[in-house]
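Read-outs throughout are calculated quantities, based only on the coordinates presented, and are distinct from any laboratory measurement. No experiment lies behind these values; they were computed from the predicted model shown. Please note: Cβ atoms are built from the backbone with ideal geometry, for glycine as well, and neighbour counts cover all protein chains shown.
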Amino acid sequence: MLTKAAMQGMVRGLARDLGPRDITVNVIQPGPTDTDMNPADGPRAASMLEPMAIKRYGTADEVASLTLYLAGPQARGITGAMHTIDGGFAA
């Protein structure tokens, strides 16, 4: 597993290498997301919500929406970036 710093360096390098071909490279870092393996009403939910600015788990649809945006033509100028979608978990 790569650390955040290593991932950031990799994505920036790839963005520079692939940018001339009009290929964008970004990282999406989801926080607590309601899934079968990490349910919003599960045993760890309360402890996960404690540090969050927005006191709710994210949804797979929210992560997918960010992914679709970054993959679409509206985001052509966004590359080499880390995008955190975690309800303020890391804030």
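Any idea what the alpha-carbon Rg over 2.2 N^0.38 Å comes to for the chain?
Values: Rg = 15.2 Å, N = 91, 2.2 N^0.38 = 12.2 Å.
The reported ratio for this selection is 1.24.
Would you pull out the residues with amide H under 5 Å of residue 58's amide H, same chain only if 5 or more places away, H placed 1.01 Å from N?
Amide H neighbours of residue 58: 33, 34.
What residue among 48, 23, 72 has its Cα farthest toward the positive end of the dipole of the chain, where the charges are +1 on Lys, Arg and -1 on Asp, Glu, each on the Cβ?
Checking the options against the dipole of the chain, the answer is 23.
Check each of the trypsin sites (Lys or Arg not before Pro) in the stretch 1-77 and keep only those in coil by DSSP with at most 13 other C-beta atoms within 10 angstrom; list them in order.
On the way: sites: 4, 12, 16, 21, 44, 55, 56, 76; in loops: 44, 55, 56, 76.
For trypsin sites (Lys or Arg not before Pro) across the stretch 1-77 that sit outside H, G, I, E and B with at most 13 neighbouring Cβ atoms in 10 Å, the list reads 44, 55, 56, 76.
Net charge near residue 54: determine it from the other residues with C-beta under 14 Å of the C-beta of residue 54, scoring Lys and Arg +1 and Asp and Glu -1. Provide the component values of the computation, followed by the final result.
On the way: positive: 55, 56; negative: 34, 50, 62, 86.
The answer is -2.
By how many degrees, 0 to 90 and rounded to 10, does the Cα axis of helix 4-18 deviate from the longest principal axis of the chain?
Helix 4-18 sits at roughly 30 degrees to that axis.
Could you give the dipole magnitude of the stretch 4-85 about its Cα centre, charging the beta-carbon of Lys and Arg +1 and that of Asp and Glu -1, in debye to the nearest 20? It would help to have the intermediate numbers written out before the result.
On the way: 8 positive and 8 negative charges, 81 e Å.
Dipole size: approximately 380 debye.
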